[in-house]
Amino acid sequence: MDAMQYSLPLPTDYDMGTIRERVRRNGHALDDREGLGFKAYLIRTAGVDGSPVNEYAPFYVWNSAPAMTQFLLGGGGFQHIVRDFGRPAVQHWTVVSAVQGPARDQPPLSATRTVTPLEWGAELPAPTVGADLHTAVVAYDPSRWELLRFELWSAAHRGPYEVLHLSAPSSEGF
């Protein structure tokens with residue numbers, strides 16, 4: 001499995017209602033995407049929960065590398081982001097583990113994302129599971145030697161990201 005995320009920083013006076021409407025109108029487009037584990041449509045809003053920025057930063061887990069490639073290069077949807085915002089750098093990680101949490105049957109409302117240095121020889125941790133955990137992913141990037149922990153939570157304000165929509169066509173592997 002592969003995880004990826006791109007970030008679109010937006011001006012602090014940007015109307016985040018524009019992104020909310022975009023996701024409301026188009027978020028369902030990947031609800032049945034073959035090869036996609038899930039896509040969490042994430043935003044941070046300047047001044048909310050201490051966020052210094054407005055940001056649109058969707059996070060994906062792909063069960064299929066060809067499906068991820070089709071999305072990014074083959075007109076599978078990413079072309080709309082490129083058309084409207086330019087071509088952002090896409091961060092990429094190899095997934096080590098992904099788990100469903102006890103709150104999997106509830107919609108996720110917030111997300112956390114932590115990136116730390118990956119020390120040589122370190123054991124890769126298992127995801128932390130809490131009562132309001134929807135999904136957790138642990139992954140690494142060997143080009144930067146970084147470890148990623150990503151969690152979706154059913155509780156609001158648990159993390160800095162607000163989840164606007166979750167496309168989850170495949171629950172296998174989670």
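Normalising the Debye intensity of the range 66-147 to I(0), with uniform scatterers on Cα atoms only, and taking log10 at q = 0.13 Å⁻¹ returns -0.61. Note on the range 102-174: Cα-Cα pairs beyond 14 Å make up 62% of the total pair count. The orientation-averaged shadow of the Cα convex hull for the range 1-157, equal to a quarter of the hull surface, comes to 9.7 nm². Given +1 at the Cβ of Lys and Arg, -1 at the Cβ of Asp and Glu and no other charges, the dipole of the chain around its Cα centre is 320 debye to the nearest 20. Across all directions, the shadow cast by the convex hull of the range 1-46 built on its C-alpha atoms averages 3.7 square nanometres.
Accessible surface computed residue by residue for the chain, with neighbouring protein chains in place and a 1.4 Å probe, gives 50 Å² per residue. Between Arg24 and Trp120, the FRET efficiency from the beta-carbon distance, with R0 = 41 Å, is close to 0.35.
The residue among Val138, Pro127, Val53 whose Cα reaches farthest toward the positive pole of the charge dipole of the chain, with charges on the beta-carbon of Lys, Arg, Asp and Glu, is Val53. Dipole magnitude for the range 90-174: computed about the Cα centre from +1 point charges on Lys and Arg Cβ and -1 point charges on Asp and Glu Cβ, it is near 120 debye. Over all Cα atoms in the range 14-72, the spread is summed up by Rg and Dmax: 13.6, 39 Å. The range 1-42 and the range 105-174 have Cα centres spaced 16 Å apart. Here the accessible area is traced with a 1.4 Å probe on the protein chains. For the chain, carbon and sulfur cover 52 percent of it.
Can you check what the net charge comes to around Phe59, using other residues whose Cβ is under 9 Å from the Cβ of Phe59 (Lys, Arg +1; Asp, Glu -1)?
Once positives and negatives cancel, what remains is +2.
The values are calculated or read from the model by the stated rules, or taken from the named source; none is laboratory data. Keep in mind that what you see is a predicted model, and the values were worked out from it rather than measured. Counting neighbours? That spans all protein chains shown, and the Cβs are built from the backbone with ideal geometry, glycine included. Please note that ligands, DNA and RNA were not included when accessible areas were found on the heavy atoms of the full protein model with its side chains. Shrake-Rupley method; radii C 1.70, N 1.55, O 1.52, S 1.80 Å.
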